[in-house]
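J.: Sharing a structure here in structure tokens format.
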Amino acid sequence: MSDFRVEHATQDDPPRLVVTGELDVATAPELEAALRASLGVPGGDLVLDLRPLEFIDSSGLRAVLVGARDAAAAERGLRVVVCDGGQVERVFGLAGVADRLDLMRDGDSLPDAAS
């Protein structure tokens, strides 16, 4: 099992949370807390970068969906970046939630905070 980390790249515009390791029942609460904290800071959209993520289970999926719901309630966007064709994108597709998320793939350019 690899170490789970959520790194805040607040110097980026829009701000970014980079998630590394395995997002599962043990680590999902940490991601939910990081998303709540980031959404508690005034600003525009937030980017959730899941490209370095090695594994996601249903608890991790739920944490991402809760973050998207909370962002929408705060009238903010949550852009979720995944590896094109990677394990995380496949899980979103199999769960039937890919269309409920603002998914971006490798190589997609992130818009400015102003968009």
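J.: Could I have the simple spin-label model distance between Glu30 and Asp13, label points 7 Å from Cα toward Cβ, reported in nm to one decimal?
T.: 3.1
J.: Once the convex hull of the alpha carbons of the chain is built, what does its volume come to per residue, in cubic angstrom?
T.: Value for the chain: 94 Å³ per residue.
J.: Can you put Arg5, Arg100 in order of accessible area, largest first, using a 1.4 Å probe?
T.: The ranking, largest first, comes out as Arg100, Arg5.
J.: Which order do peptides 79-89, 55-65 fall in by mean Cβ count within 10 Å, highest first?
T.: Top of the packing list down: 55-65, 79-89.
The values are calculated or read from the model by the stated rules, or taken from the named source; none is laboratory data. All of these numbers come straight from a predicted model, not from anything done at the bench. Heads up, the Cβs are rebuilt from the backbone with ideal geometry, glycines too, and the neighbour counts pull from every protein chain shown. For the accessible areas, the whole protein counts, side chains as well, though only heavy atoms, and no ligand, DNA or RNA atoms are used. Shrake-Rupley method; radii C 1.70, N 1.55, O 1.52, S 1.80 Å.
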